[in-house]
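Chemist: Okay, here's the structure, questions in a sec.
Quick note: the coordinates plus some simple rules give every number you see, no bench work behind them. This structure is a prediction, so every number in the text was calculated from the model and none was measured. Glycine also receives a Cβ, built like all others from the backbone with ideal geometry; neighbour counts cover every protein chain displayed.
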Amino acid sequence: MKFSYTAVNKDGKSIEGTIEAVNKEAVVSSLSRQGLRPVIVKLSSSKSKLKSKKKVKFKDLVVFTRQLSTMVSAGVPLARSLATLQGETNSKYFGQVIGAVNKDIEGGTPFADALAKFPNVFNEVYVNMVRAGEAGGILDEILKRLASQVEKDSTIRKKIKSAMAYPVAILSITVVAFFGIMIFVIPKIGKIMKDLSDGKCSLPIYTQAMLSISAFMQHNALPIIIAVAITIYLTRRYIRTPKGKYKFHTVLLRIPVVKTVITKIAVARFSRTFASLMSAGVGVLEALEVTGGAIGNKVLEAELKEAAKEVKNGKQLSEPLSKSKHFPPIVGQMLSVGEETGQIDTILLKVADFYEEEVDALIDGLSSLIEPLMIIVLGAVVGLIAASVMGPIANLSKNIGTN
C-alpha cells in the first residue's frame, strides 16, 4: 500500500512525501529510522503527479551532490542522507524528486536506477558514475568526483552566460530600437522632408532606401512579426530533432571563434568525464558511449562513436582520436602516454584542467572584445539613420533659406 506523510526533521523543517509499506506502523518505523518525526500518515490512493520532464536549477544539483558526498563519506546511510537533503533544498520540485528517489531506494531499487527515472535532473553521466560507484563499492569516492565535475560544469556555464549577457542585451535593444524608429519615427520625418522639398529636390539614394524600408515595415509590421515568430519556432523545433541538431552543430563548428570555444569546452568535458568513468571501473566502450552524450556536440559525439568502433576492433583509443578532424592533436598524444603508463585517468584530468583554463581565458578575452564591438555596431546603426535623415533635412533647409 502507498501512504502519504508529513514529517519533521531534526531541524524542525516539514517534509512531505509518499512511501510504500504494509501498514501505518511500518511507515512510522521507516521514517523514524531516517531521523524524521511523523506528523501525518494516511493512505494514498492517488497516483504520483511528479513529472519526470521538469528540470531543476544547476546550482541546486551542485549543492545536493556536494552535500550528499559529504554525508555519505561521513558514514551516514544513503536513505537517511536523502531524507535530510529533501528538507534542505529550496526547490519544491527537487525536494519531491529526492523524496521519490529515497522511496525507491527503501523499496530495494539501486540508487542509479532510482536516479535514472529523472533524466532531466540527473543526466546519463551522473547516473552511470553512480552505478559504477555502487558496483565497485566506492560510492562515496564517486560522489566526491561527481560533485567536483558538476561544479566545474556549473562554472563554465556561468562564464558563458555572463559573457553572452551583455551582447545579447545590446543586440536586443538595437533590434527593438531599429524597428521602433523605422515604424514610428522615419515616416513622420519622411513626410517633413517631402513637404520641404515640395518635389523640387531629389533625396539621396540611401535616404530613399531608408524611407522605402520604413514604408514597407509600417504597412507589413504584423505579417513581419508573425513570419519572424514562425521562423524562430520552426527553426528551434527542427534543431531539436537529431538531424537538425547535427546540422546546427556542424554549422557552429564552421564559425571561427565559436568553433574554438565549443571545441575547448568539449575537450574539457570529454577528458574529465572519461577520466572519472575510467577511474570508477567503467569499460572503455561504455565510457565512450556515455561521454559522447555528455560533451554537448553531436558532431564530436559521432567522432567518438567511430573511435569506439575502432577500439572494438582492437585499436587503442589514441589512434582514432589522433586522426580526428575536431579533437586537437594533444588529446591523442596525451592519451597515448596514458595508455603506455596505465594512467589514462590522471593524464586526462590534466588535459581537462588545461582546457578549462583555456576556456576561462578565451571567454574573458571575448567578453572584453565583444563589449566595444557591440557599442560600435549600435553606434553605426544610429549613425546611418542619422545620416539618412539629418543630412537631407539640413540641405533642404539651406535651399529654402537661399530661396
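Chemist: How about Lys188: which lysines have a C-alpha closer than 25 Å to its C-alpha, ignoring those fewer than 8 places off in the same chain?
Modeler: Once the sequence-local lysines are set aside, what remains near Lys188 is Lys200, Lys398.
Chemist: Taking Lys13 as the anchor, which lysines have their alpha carbon closer than 20 Å to its alpha carbon, excluding any fewer than eight residues away along the same chain?
Modeler: Lys42, Lys92, Lys103
Chemist: Suppose only helical runs count, i.e. DSSP H with n ≥ 4. What mean residue ellipticity at 222 nm does that imply for the chain under -39500 (n - 2.57) per run, divided by all residues and rounded to the nearest 500 deg cm²/dmol?
Modeler: -24500 deg cm²/dmol
Chemist: Of the listed values (1) 49; (2) 40; (3) 43, grab the one calculated as percent of Cα pairs over 35 Å apart from the structure here.
Modeler: Here percent of Cα pairs over 35 Å apart agrees with entry (1).
Chemist: Using alpha carbons only, how many degrees (0 to 90, rounded to 10) separate the axis of helix 344-402 from the longest principal axis of the chain?
Modeler: Orientation of helix 344-402: about 20 degrees from the principal axis.
Chemist: For a footprinting-style exposure proxy, rank His219, His326 by other Cβ within 10 Å, fewest first.
Modeler: His219, His326
Chemist: What is the fewest-to-most order of Arg37, Arg145 by other Cβ atoms lying within 10 Å of their Cβ?
Modeler: Going from least to most buried by this count: Arg37, Arg145.
Chemist: Too long at a 30 Å Cα-Cα cut-off: which of Lys54/Lys152; Lys54/Lys350; Lys24/Lys57?
Modeler: Lys54/Lys350; Lys24/Lys57
Chemist: Mind pulling the angle between the C-alpha long axis of helix 242-252 and the longest principal axis of the chain? Nearest 10 degrees, somewhere in 0 to 90.
Modeler: 60
Chemist: Answer with one residue from Leu369, Gln316, Ile205: the one whose Cα lies farthest towards the positive end of the charge dipole of segment 157-403, charges on Cβ with Lys, Arg +1 and Asp, Glu -1.
Modeler: Positive-most Cα among the choices belongs to Ile205.
Chemist: While we're looking at this one, here's another question. Taking other Cβ within 10 Å of each residue's Cβ, how do Lys117, Lys13 sort, fewest first?
Modeler: Ascending Cβ contact count within 10 Å gives the list Lys13, Lys117.
Chemist: Which percentage, to the nearest 5, of the DSSP beta bridges contained in the chain is antiparallel?
Modeler: 100
Chemist: Let me know the charge dipole size of the chain about its Cα centre in debye, to the nearest 20, where only the beta-carbon of Lys, Arg (+1) and Asp, Glu (-1) is charged.
Modeler: Computed charge dipole of the chain: roughly 1540 debye.
Chemist: In addition: What shape does segment 218-257 have by the C-alpha gyration tensor, where a ≥ b ≥ c are the square roots of the eigenvalues, rounded means a/c under 1.5, and otherwise prolate means a/b greater than b/c and oblate the rest?
Modeler: oblate
Chemist: Return the loop-located trypsin sites (Lys or Arg not before Pro) in segment 283-359 (DSSP other than H, G, I, E, B) with at most 14 other Cβ atoms within 10 Å of their own Cβ; answer none if there are none.
Modeler: Lys315, Lys323, Lys325
Chemist: Pick from Ala352, Ala386, Ala112: which is most flexible by mean-square fluctuation in a GNM of the chain where alpha carbon atoms under 10 Å apart are linked?
Modeler: Ala386
Chemist: Also, quick follow-up: Do any trypsin sites (Lys or Arg not before Pro) in segment 205-288 lie in a loop, going by DSSP, with at most 12 other beta-carbon atoms within 10 Å of their beta carbon, and if so which?
Modeler: Loop-located and lightly packed - Arg254.
Chemist: Helix 221-240 versus the longest principal axis of the chain: what is the Cα-based angle in degrees, 0 to 90, to the nearest 10?
Modeler: 30
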